[in-house]
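Structure, as structure tokens:
The values are calculated or read from the model by the stated rules, or taken from the named source; none is laboratory data. No experiment lies behind these values; they were computed from the predicted model shown. With ideal geometry, Cβ positions are generated from the backbone for all residues, glycine too; neighbour counts draw on all protein chains shown. Just so you know, the surface numbers come from the protein's heavy atoms only, side chains and all, with ligands and any DNA or RNA stripped out. Shrake-Rupley method; radii C 1.70, N 1.55, O 1.52, S 1.80 Å.
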Amino acid sequence: MLYDFIIQNYHLGEPIFVGDIVLEGMSGADRIRQLERLVAYEKLIKYAAGIYYIPDKTGPKGQNTLCPDVVARNQYIFRRGRRIGYYGGHTLANQMGLSSQVPIKEEFVSNEARENEEEVLFGKRIYIVRKPPVEVTEDNYRVLQLLEALKDFEECADESMPAAEAQITYYIRKNKVSKEKVDAYLGYFPSTVRDNIREMRLENVLA
């Protein structure tokens, strides 16, 4: 029953988090026992505590492992078709074109964060994870990312102010972020965000 559920709901190369598997009539202990049995039968591979995946038996055995970045993003950004986080810090600044520096440690802001800030390890890669100011959803993550970038602007951006303004303006227009949406979440961020909006003259862009 468990294996049927897994092959119907997961693809090759997709991490399977134990906490996401909920089957009627199956206790947590039964679930773990069945997962370990599937590992013993080589139906699954255990990546780390609480994380499994379906092996690709058609590919080279040495390459049959999960990419740490894929695991981290499934854990903290987009979980089983549901948005639960967004990129933050230096990672977000690089993605938005505010910085040319590619950070060694990817940074996430996620509902799955257990602490205000923590470092987690997948494979040999370290990731920084932070709690969001409010719950992240598909409807609000774009505006939260914008406010996050403005919050960390002085620390993370290395572009000139005109170039940074152009990139942020492009993000606002591309994602259709309105003043109404910004005002709804502005109070969850420090006053420097409001100052940066004024200094970059973003009020008209948000209108």
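Within the set of other residues whose C-beta is less than 15 Å from the C-beta of Val102, count the net charge using Lys and Arg as +1 and Asp and Glu as -1.
Local charge sum for Val102: -3.
Take the Cβ-Cβ distance between Ala48 and Leu186 as r, set R0 to 35 Å, and report the resulting FRET efficiency rounded to the nearest 0.05. Can you show the working numbers first?
Values: r = 38 Å, r/R0 = 1.09.
E between Ala48 and Leu186, to the nearest 0.05, is 0.35.
Could you tell me which helices of the chain pass both thresholds, a Cα extent of 30 Å or more along their own axis and a mean Kyte-Doolittle hydropathy of at least 1.0, with helices taken as whole DSSP H runs? Mind dumping the intermediate values first?
Values: long enough: none.
Membrane-span-like by this rule: not one helix.
With point charges of +1 on the Cβ of Lys and Arg and -1 on the Cβ of Asp and Glu, referenced to the Cα centre of region 59-169, which listed residue (Gln167, Tyr87, Gly97) lies farthest in the positive direction of the dipole?
So the residue we want is Tyr87.
Rolling a 1.4 angstrom probe over the protein heavy atoms, how many square angstrom per residue are accessible across the chain?
On the way: 11620 Å² over 207 residues.
Value for the chain: 56 Å² per residue.
Let's see if you can work this out: charge +1 on each Lys and Arg Cβ, -1 on each Asp and Glu Cβ, no other charges. What is the dipole magnitude of region 14-62 about its Cα centre, in debye to the nearest 20? It would help to have the intermediate numbers written out before the result.
Numbers: 7 positive and 7 negative charges, 47 e Å.
Magnitude of the dipole: close to 220 debye.
Whole percent per 5 Å bin, from 0 to the bin with the longest distance: what is P(r) over all C-alpha pairs of the chain?
P(r) over the chain, rounded to whole percents: 1, 7, 14, 16, 15, 13, 10, 8, 7, 5, 3, 1, 0.
Separation of region 168-207 and region 85-153 by C-alpha centroid, Å?
18
In terms of modelled amide H atoms, which long-range or inter-chain residues lie less than 5 Å from the amide H of Phe122?
So Phe122 has HN proximity to Tyr127.
Based on the mean of other beta carbon atoms within 10 Å per residue, what is the order of 18-29, 186-197, most packed first?
On the way: 18-29: 10.9, 186-197: 14.6.
The most tightly packed comes first, giving 186-197, 18-29.
Grab the beta carbon distance between Ile104 and Glu199, set R0 = 41 Å, and tell me the FRET efficiency rounded to 0.05.
Numbers: r = 30 Å, r/R0 = 0.73.
Efficiency, rounded to the nearest 0.05: 0.85.
Would you mind getting me the FRET efficiency between Cys67 and Lys176? Use the beta-carbon distance for r and R0 = 30 Å, nearest 0.05.
Numbers: r = 32 Å, r/R0 = 1.06.
Efficiency at R0 = 30 Å is approximately 0.40.
Treating only the Cβ atoms of Lys and Arg (+1) and Asp and Glu (-1) as charged, compute the dipole magnitude of the chain about its Cα centre; round to the nearest 20 debye.
Numbers: 28 positive and 31 negative charges, 123 e Å.
That gives the chain a dipole magnitude of about 600 debye.
Check cross-link reach from Lys181 to the lysines: straight Cα distance under 28 Å, and skip same-chain residues fewer than eight apart.
Cross-link targets: Lys131, Lys151.
Mind checking which of Leu146, Pro55, Val18 is farthest towards the positive end of the chain's charge dipole, using Cβ charges of +1 (Lys, Arg) and -1 (Asp, Glu) about the Cα centre?
Farthest along the dipole direction, towards plus: Pro55.
Can you show me the helix-derived [θ] at 222 nm for the chain, built from DSSP H runs with n ≥ 4 at -39,500 (n - 2.57) apiece and divided by the number of residues, rounded to the nearest 500. Present the calculation step by step, with values, prior to reporting the outcome.
Details: 10 runs with 88 residues, N = 207.
Counting only the DSSP helices, I get -12000 deg cm²/dmol.
Multiply the residue separation of Val22 and Asn9 by 0.36 nm, subtract the distance between their alpha-carbon atoms, and state the gained length in nm to one decimal. It would help to have the intermediate numbers written out before the result.
On the way: separation 13, 0.36 × 13 = 4.68 nm, distance 1.20 nm.
Between Val22 and Asn9, full extension yields 3.5 nm more.
If you roll a 1.4 Å probe over region 120-163 with all protein chains in place, what percent of the accessible area is carbon or sulfur?
Details: 1080 of 2150 Å².
Heavy-atom surface of region 120-163 belonging to carbon and sulfur, 1.4 Å probe: 50 percent.
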